[in-house]
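Here the structure comes first, spelled out in structure tokens, and everything after it is commentary.
The values are calculated or read from the model by the stated rules, or taken from the named source; none is laboratory data. These figures come from a predicted structure and were not determined experimentally. Cβ placement follows ideal geometry from the backbone for every residue including glycine, while neighbour counts extend to all protein chains displayed.
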Amino acid sequence: MITRADAEALDAADPLAGFRERFVIEDADRIYLDGNSLGRLPVATRDRLAALVAEWGTRLVSAWEDWIDLPAQVGDRLAEGVLGAGPGEVLVCDSTTVNLYKLVRAIMADRPGALVTDSGNFPTDRYVLEGLAESSASRATRTGHRELRQFDADPVLGPSPDDVAEAVAPGDVALVVLSHVAYRSGAVADLAAIEAAAGDHGVPVVWDLSHSVGSVPTELHAAGARYAVGCTYKHLNGGPGAPAFLYVREDAQTGLRSPIQGWFGQAEQFDMERPYDPVPGIGRFLAGTPSILGLAAVQEGVGLTAGAGMAAVAAKSASLTGLVVAYLDERLGPLGFSLGSPRDPARRGAHVALRHPQAWPICRALIERAAVVPDFRGPDIVRLGVAPLYTTHAELFDALERLRDLVERGEHERIDATRSRVT
Ligand SMILES: Cc1ncc(COP(=O)(O)O)c(C=O)c1O
């Protein structure tokens, strides 16, 4: 049986232990297991934002000289320190949804054929593709309508290279969009093998890295990935609504045009009389004025993860999720829980899906009665997110003990289980 002493021993040997104090943790008794939805606030970000707001007050518009290149500067740091990409290949801007739209639409412009994703992909990805498939049709005649094909992947293991090979085999596919880490099960897709499977048919893959960036290695160059998007407010701790990122490998940038022709992507932006003429590199995917407060927060968050190093981050993440799986196997099965995530640690991101028929009331009871914050993904998943930079094995063990105790006592049967707007 795993004990709290085992968990403490893992913490004592943790090379990332020192990172926890670099986050704002006001109530240490409240165990936060939702960093995969919204990461904690880094202390440096709180200070940086205060300084930046002061700078806004004093320097006003003259500060733009220093701010204007932040989308590319923060992108370069993210590329090099976290994503395994090169300079000039990543921009931090807009939301993941908007970046996915821009990128898919740009790629589609030169590639006829169907759009492909898996039916378990995150809703915004599926909605963007549905919209793009529809909007490429002429409303009057319905000509040019693109087919959106959604294949069913294993709900626990996520999309496999074989799934993708089968999906692109007909030879009429424009592109494939997949999440690297599945938002429900936490399964890590085999990025390199899927790139190879799609690449055999010349089909590009656009990756959504929202759940993998800052939790598992992406190594985009090594994996042969050409296109990706992702968010910064989960494991990169960039803050609520922080700007997202967009990656296009250097050799794939030529000829791609952003469907949103904004002045921030324009060459000689302040020569305002000229017609649209986008900058040569990835900068053309900027549209309008970027959020400088948001970018500063992302810069701090990326700096923390890059400083920790992705190899150490991934090892800690696997160790934490391993603790959850071991505890589940030992003690939670008789209470009706089962594993909704891959068993192989190499195939798991930084969250574990615990399946239970009463997942929603259990989630509410954990938050309201046990000071543990997970989240719920319907119909039956309690998602426990571990954050390699600040979750400790000991607090995770405590959270699991509180969960077991609460369900044993039937506490979840005594709470108001009305569904809230945010789950
Ligand atoms: C895989 C994935 N893609 C996209 C998003 C959200 O996109 P946006 O930042 O545009 O809201 C999320 C949010 O949880 C996500 O998990």
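Picking from residues in the stretch 35-58 that are under 19 Å from Thr232 (Cβ atoms) and of a type in the set (Val, Ile, Thr), the one that is surrounded by the most Cβ atoms within 10 Å (Cβ to Cβ) is Thr45. Among the residues of the stretch 74-100, those that are surrounded by fewer than 20 Cβ atoms within 10 Å (Cβ to Cβ) and not in a helix (DSSP H, G or I) comprise Gly84, Gly86, Pro87, Gly88, Ser95.
There is no residue in the stretch 239-246 that is over 15 Å from Cys93 (Cβ atoms) and either at pLDDT below 95 or more than 14 Å from the ligand (Cβ to nearest atom) (or both).
Of everything listed in (1) over 18 Å from the mean Cα position of the chain (by Cα); (2) more than 16 Å from the ligand (Cβ to nearest atom); (3) modelled with pLDDT of 95 or more, the single unmet condition for Arg77 is (1).
Among the candidates Asp110, Asp69, Asp118, Asp34, the residue that is within 16 Å of the ligand (Cβ to nearest atom) and more than 24 Å from Pro388 (Cα to Cα) is uniquely Asp118.
If you go through the stretch 260-273 and keep only what is modelled with pLDDT of 95 or more, in a loop (DSSP other than H, G, I, E, B) and out of contact with any strand residue (DSSP E or B) (no Cβ under 8 Å at 6 or more places or on another chain), you end up with Ile260, Gly262.
For the stretch 233-250, residues that are of a type in the set (Ser, Thr, Tyr) and either in a strand (DSSP E or B) or without any contact (Cβ under 8 Å) to a residue 60 or more places away in the chain (or both) total 1.
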